[in-house]
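All remarks here apply to the structure that follows.
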Amino acid sequence: MIVVSATHFSETIEQQLIERYPAISFYFYHSIEEAVNLNKAEVLLTYGEDLTSEHINQAKALKWIMVLSAGIEELPFEAIIEREIQVTNARGIHKKPMAEYALGMLLAQYRNVYQFDKQQQNKVWNQKLPTREINQRVLTVVGAGAIGEELARICRIFDIETRAVSRTGEDKPYFDKSYSQSELITALRGADFVVSILPSVAETRPFYHKEAFKAMKRDAIFLNMGRGDAVETEVLLDALNEGEIEHAILDVLPEEPLPVEHPFWMHDKITITPHISGKSKMYVPRALSIFEENLSGYLVDGSLPVNQINPKRGY
């Protein structure tokens with residue numbers, strides 16, 4: 001069996017895979033364009049961003065695509081469905097770094113860290129800047145999957161009421177209350193923090209409309225670390241400019257990189273980070289752990305027990 005990886009890993013990791021699975025021929029490349037034997041690959045490891053329908057047509061033996069990230073919206077699903085190729089992704093590996101990111105950014109906002117930093121740069125000693133506690137607040141997570149569950153788990157330490165919004169509205173671990181997407185407005189009312197972790201699929205582009213921000217508290221903080229197309233630029237700007245919410249923290253943007261002329265850059269109620277909430281030195285080991293768990297099932301009976309994607313739904 002031939003496994004082609006459209007990305008290189010460390011020499012140690014690549015050697016470990018080769019030694020653990022001596023019956024498999026592994027080929028590692030810097031990109032999909034370099035994969036000269038793609039036509040013979042039964043399994044493909046990719047981040048998904050550069051995979052096209054032409055590559056799928058070229059990969060005559062391909063049966064399984066392992067996407068080494070959670071985002072799969074750029075995959076050529078029509079070609080994948082036509083060929084009945086199985087797809088898995090690395091959903092869940094971001095849960096620890098992204099939960100830490102969300103909590104850290106919310107704490108920084110409440111403790112006025114950025115203003116204290118400016119004071120330090122100007123050598124100003126001022127103890128009158130206001131700070132707040134996040135204890136006993138209300139957090140609504142929209143798109144409450146593995147990442148949201150990890151964030152909710154951590155928030156229990158601070159006695160934060162946690163609300164989950166998901167497609168089905170089913171109960172979620174560590175959440176106090178659960179709502180379906182059709183109950184969004186109810187879930188937003190009274191929330192101090194709204195954290196969006198939505199994927200980019202047809203029904204979420206966009207997801208937040210004017211009514212959603214009007215339902216939030218005027219001192220609510222909106223944090224988006226899912227996908228930038230969940231909210232339109234003008235809708236978010238209007239909500240901030242009209243005082244419907246206090247602040248927005250954006251790790252994902254409508255365009256990436258964000259153009260220098262974009263109004264988000266200089267807005268005093270917006271904090272931007274460059275899509276780094278999921279970055280971690282543990283990223284590749286965690287992604288490959290999912291791959292190996294699936295590979296074990298695949299070698300026995302063709303099963304893929306972890307994170308199998310429904311290409312027709314896109315998640």
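Laboratory data are not the source of any read-out in this text; all were calculated from the coordinates shown. Predicted model only: the values in this text are computed from it and were never measured. Cβ: placed from backbone, ideal geometry, glycine included. Neighbour counts: every protein chain shown.
Data for the structure
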{"read-out": "For region 156-193 and region 56-99, distance of Cα centres in Å", "value": "29 Å"}
{"read-out": "Kyte-Doolittle mean at least 0.5, axial Cα span of 18 Å or more - DSSP H helices of the chain", "value": "none"}
{"read-out": "Mean-position separation - Cα centroids, region 205-223 and region 231-296, in angstrom", "value": "16 Å"}
{"read-out": "Neighbour-count ranking [beta-carbon atoms within 10 angstrom, fewest first] of GLU42, GLU49", "value": "GLU49, GLU42"}
{"read-out": "Separation of the GLU33 and TYR114 label points, Cα + 7 Å toward Cβ, nm", "value": "3.8 nm"}
{"read-out": "Proxy reagent accessibility, fewest Cβ within 10 Å first, across TRP64, TRP265", "value": "TRP265, TRP64"}
{"read-out": "Projected-area mean, region 205-269, by convex hull of Cα positions, square nanometres", "value": "4.0 nm²"}
{"read-out": "Order of HIS8, HIS275, HIS94, HIS55 under a 10 Å beta carbon neighbour criterion, fewest first", "value": "HIS8, HIS275, HIS55, HIS94"}
{"read-out": "Share antiparallel - DSSP beta bridges, region 95-272, percent rounded to 5", "value": "0 percent"}
{"read-out": "20 Å reach of a label modelled at GLN127, 7 Å along Cα-to-Cβ, counting backbone N of region 88-114", "value": "111-114"}
{"read-out": "Distance (nanometres) between label positions extended 7 Å along Cα→Cβ at ASP219 and GLU14", "value": "5.5 nm"}
{"read-out": "DSSP-defined beta bridges in the chain - what % are antiparallel, rounded to 5", "value": "0 percent"}
{"read-out": "Cα-projected label distance for ALA202 with GLU256, points at 7 Å along beta-carbon direction, nm", "value": "2.4 nm"}
{"read-out": "Tail beyond 31 Å, pair distance distribution of the chain (Cα, percent)", "value": "38 percent"}
{"read-out": "Peptides 301-313, 140-152, 191-203, 111-123 ordered by average Cβ neighbours within 10 Å, highest first", "value": "140-152, 191-203, 301-313, 111-123"}
{"read-out": "About the Cα centre, charge dipole magnitude for region 1-50 (Lys/Arg +1, Asp/Glu -1 at Cβ), debye", "value": "220 debye"}
{"read-out": "Two-site FRET efficiency, GLU42 against ILE276, from Cβ-Cβ distance with R₀ of 41 Å, rounded to 0.05", "value": "0.75"}
{"read-out": "Zone of LEU299's modelled label, taken as backbone nitrogen in region 40-71 under 16 Å from a point 7 Å along Cα→Cβ", "value": "42-44"}
{"read-out": "CD proxy at 222 nm, helix term only [per DSSP H run n ≥ 4: -39500 (n - 2.57); per residue of the chain; nearest 500]", "value": "-9000 deg cm²/dmol"}
{"read-out": "Rg [Å, one decimal], Dmax [Å, integer] - region 95-272, C-alpha atoms", "value": "16.0, 52"}
